[in-house]
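The values are calculated or read from the model by the stated rules, or taken from the named source; none is laboratory data. Since this is a predicted model, take the numbers as computed values, not measurements. Glycine also receives a Cβ, built like all others from the backbone with ideal geometry; neighbour counts cover every protein chain displayed.
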């Protein structure tokens with residue numbers, strides 16, 4: 001964590017100190033009185049978002065829209081540390097191809113939000129060069145979520 005703030009410079013340290021001061025002076029302990037809570041009559045406000053989240057690396061893996069393999073800091077880490085091929089991310093759980101099924105499962109579970117990340121190495125495989133197919137892929141994913149009443153959070 002220290003190196004992150006060194007890279008962020010003086011502003012990073014100020015933010016760190018400000019957050020540290022704030023959280024040290026606040027108590028966020030929440031105590032539930034389970035004996036008095038009727039779980040059958042529990043409700044949340046209308047704008048409350050029920051959802052889940054993941055990261056592109058964990059779910060999409062290394063495949064691109066052009067069926068190529070990306071190279072990023074994680075693939076370099078796997079290579080540098082001689083991670084066995086069967087333990088590398090590969091296609092992960094293949095959200096890249098199966099996102100319509102995944103989004104349908106979210107809908108069936110009653111979720112109305114999905115926090116996900118995009119794999120920047122797919123969007124900009126080379127500095128200054130953007131992959132339109134990858135951008136279109138993420139746009140289609142977002143359209144699928146919206147069509148199912150799921151709020152995308154990126």
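A few points about this structure:
- Single residue of the stretch 59-100 satisfying the filter (at pLDDT 85 or above, out of contact with any helix residue (DSSP H, G or I) (no Cβ under 8 Å at 6 or more places or on another chain) and not in a loop (DSSP other than H, G, I, E, B)) that is nearest to residue 135 (Cα to Cα): 97
- Once the stretch 105-150 is narrowed to residues that are free of Cβ contacts under 8 Å to residues at least 60 places away in the same chain and in a loop (DSSP other than H, G, I, E, B), the residue that is surrounded by the most Cβ atoms within 10 Å (Cβ to Cβ) is 148.
- Yes/no for residue 44 being part of a loop (DSSP other than H, G, I, E, B), modelled with pLDDT of 80 or more, within 20 Å of the chain's Cα centre (by Cα) and more than 30 Å from residue 135 (Cβ to Cβ): no
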